[in-house]
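Here the structure comes first, spelled out in structure tokens, and everything after it is commentary.
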Amino acid sequence: MIVGIVQAELRIDWARSLKDKRSVARSLKDRLHRDHQVSVAEVGAQDVHNALLLGVAAAGSSAHQVLATLDAIERKLGSHAEADLVSCQRELLHGWAGELAGGAFSARQAEELAVEMLTRADDPDGSGNEDAA
């Protein structure tokens, strides 16, 4: 499994309110999700009316496929009529592919994972207070 991540900063010079910004953000997020089947979220600068920071994640079975998707997303962000692309960073993550690809967990890894899962199940909010749930 390959996961591609893009963090893009856009400037919306004409925006005079958060309502203006959110209109652009909603339009971009919906379009990217619809056209590329990716997850998109506003990941920062939520209270700044003329700056938009988007995080995009794409998953696939090959690096070539994921990189092609990220390239298309960057082109779309760079050519958007209502916002200017200021910066764009990307990263590729190579995930565990499971037994079919020869990447099975060792017995020790499986045990460690089971312990972590039980710990998280007992403390779902991560507060360290098991009675909080």
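Bear in mind these aren't lab numbers, they're just calculated from the coordinates by the rules spelled out. All values derive from a computational prediction rather than experimental measurement. Don't worry about glycine lacking a Cβ; one is built from the backbone with ideal geometry, like all the others, and counts go over all protein chains shown.
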Calculate log10 I(q)/I(0) of the stretch 2-94 for q = 0.20 Å⁻¹, where I(q) comes from the Debye formula with a single equal point scatterer on each Cα and nothing for solvent. -0.88
Going 7 Å from the Cα of Arg11 along its beta-carbon direction, which residues of the stretch 49-66 have the amide nitrogen within less than 15 Å of the resulting point? 49-53
Under the Karplus curve 6.51 cos²θ - 1.76 cosθ + 1.60, θ = phi - 60°, whole-Hz ³J(HN,Hα) for the stretch 49-58, x wherever Gly or Pro sits: 6, 10, 10, 10, 10, 10, x, 10, 10, 10
Starting from the Cα of Arg31, move 7 Å in the Cα-to-Cβ direction to define the label point; list residues of the stretch 6-21 whose amide nitrogen is under 13 Å from there. none
May I ask you to derive the FRET efficiency for Lys19 and Glu91 from their Cβ-Cβ distance with R0 = 35 Å, giving the value to the nearest 0.05? 0.65
